[in-house]
Each structure stands twice: as structure tokens, then as C-alpha cells.
Amino acid sequence: MPKNPKARGARTATTRSAPALARTAKPATPARTPKPAAKAPAKAPAKAPAKAAGKTAGRADARTSAVATAGRGRSADAGPATGPLPSERRDHLVSLSAELFAEKGFRATTVREIADAAGILSGSLYHHFSSKESIADEILSRFLNEVLADYRAALEGGGDPRTVLEKIARTGFDSLERHRAAIMMLQNDWNYFREQSRFDYLQKTLAEVERIWVGELKRGVKDGTFRADLDPKLTYRLFRDTIWVAVRWYRPGGRLTTRQLAEQFNRILFEGITGR
């Protein structure tokens, strides 16, 4: 009998403990799955801004692509252009740099001086050119390509040696006005340019110019147009320097045009200065 009370007590304790666990368990259920959490899927619309951002980024990429394309043509902005086209800005920078190089010398001119003269920041210049040398490259290559094309055209046009050389002389004097800065650059900084590998074409082009001159002088000696005792190479150098050095004293708008100057040169060259 004494065991029965304990057994009943044990059962009573067990019976009383069960409701306690149940009471503890019931509040725990809402904690694990709170009702507000059930509405979490409603947050899905938050993806909309991401899509909008994607669209915005897409538009930004499109604008960036348009600007990059504009660097090769007209401005990407809609409507009429309000400023110079990129190619015009580049040409302006080339012309401005050429004048500075001719006046101060290529090596003495800094990128900052070019930018200041153009009214832009130094860093902005690198949007158009990778270096100061690339600007000089463009100035000199334009000049020599044009001169060489004119020389070749004079040869292809045919005629006797005097006729060909007269055409070449006119071409040389015409360039005094169109390419004054480039000629000054070559005269002032030739020793620097010829030591730079990127300017190797200068010597190659000038060598072809010399071959054309000397070739016509030799042809003239052979066919009797010129004197038999003429030294073609020496004669070429005298004529070359007479034409190119004129850039230091010739002034556009002066008493003579470049064409009149060329005619004076040709008469002295082929007819001399003695009276008849």
C-alpha cells in the first residue's frame, strides 16, 4: 500500500507535466512560423527596381556606345550639334600643336602648353592622342604623304626632265604655305626624329624624294637636256635646301605667292641669272 501513493504521485506528476509541455509547445509554434512571415512572398515585387536598374544600365550602356561611335563621327546627342565634331576638334588640336612645335621646337613644347592653348585640361588631350609624339606623327606623315603623292604624279604625267622638275619645284613651293609647320619641325628637330623608331618612315620617304630628283637630273644629263658635267646629287641638295629653307623667310600674303616664287626659281634654275 505504501507504494500506491508514490505511484499515484508519479502518475499525477506525469499527468501534470504533460500540460506544461503542451503549454510550452503552443507558444513555440507561432515563433517558428509567424503569421507575418507567411506574407514574405509579397516581397517579390522588390525585383522590379532591379529590372528598372537593368533598364537604366542598358540605357547607360547604349549612351556609352553612342558616345564611342560619336568619336568617329558626329555627336551622339539628339538634335543639332552645339559644338565642333570630334574630327574637327582633333584637326584643331593638330593645327594648334603644329604651330607650337614650329615656334618653340617639338622637344621644348609640353603637353600642358598644348592643352592650355586649346583651353582644355592636359588629361583631355589624351582622349584624342596617346602622346605628344603621336601628334607629331600625324603632322609629319600628312605632309610627306602629300609631297610624295605630288612628286609621283609629276613623274606619271610624263614629259622631259625639265618639265618634270618644274612640276616638282611648284609642288615644293606650294607646300611652304600648306605645311609650313611640318617643314619647320623637320628642320628644327630632325636629329631627334630620325633617332626614334616610330619615325623611321621619314628617312624612307625623303630617300624616295631624293631618288626622284636625282633620277630626273641624271635622265636630263643623259639625253642632253642638262650639262654633261652636272653633279646630280649635289644639284639636288642645293635645290632641296633652296626650296625648304625658304619657309624661314617666306610669308603668306607677301609680295609673291608660292606659285610666283616657284616660277622665279624655275627660271633661275634652268635659264640662269646672266643676261642674254
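The values are calculated or read from the model by the stated rules, or taken from the named source; none is laboratory data. Computed from a prediction, not measured in an experiment: that's the story for all the values here. So basically every Cβ, Gly included, is an ideal-geometry build from the backbone, and we count neighbours across all protein chains shown.
Just a few scattered comments:
- Options F199, F143, F226, F173; residue that is of a type outside the set (K, R) and more than 24 Å from A98 (Cβ to Cβ): F226
- The residues of segment 238-269 that are more than 10 Å from A169 (Cβ to Cβ) and surrounded by 14 or more Cβ atoms within 10 Å (Cβ to Cβ), listed by number, are R240, W244, A246, V247, Y250, T257, T258.
- Test for V164: is it touching a Lys or Arg at 6+ places or on another chain (Cβ under 6 Å) and either within 19 Å of A98 (Cβ to Cβ) or assigned to a helix (DSSP H, G or I) (or both): no
- Residue check for D116: assigned to a helix (DSSP H, G or I) and either free of Cβ contacts under 8 Å to residues at least 12 places away in the same chain or in contact with a strand residue (DSSP E or B) (Cβ under 7 Å, 6 or more places away or on another chain) (or both): yes
- Filtered residue count, segment 210-222, keeping only those that are touching a helix residue (DSSP H, G or I) at 6+ places or on another chain (Cβ under 8 Å) and either small (G, A, S) or modelled with pLDDT under 95 (or both): 1
- Tally of residues being free of Cβ contacts under 8 Å to residues at least 40 places away in the same chain, assigned to a helix (DSSP H, G or I) and among the aliphatic types (A, V, I, L, M) across segment 180-236: 4
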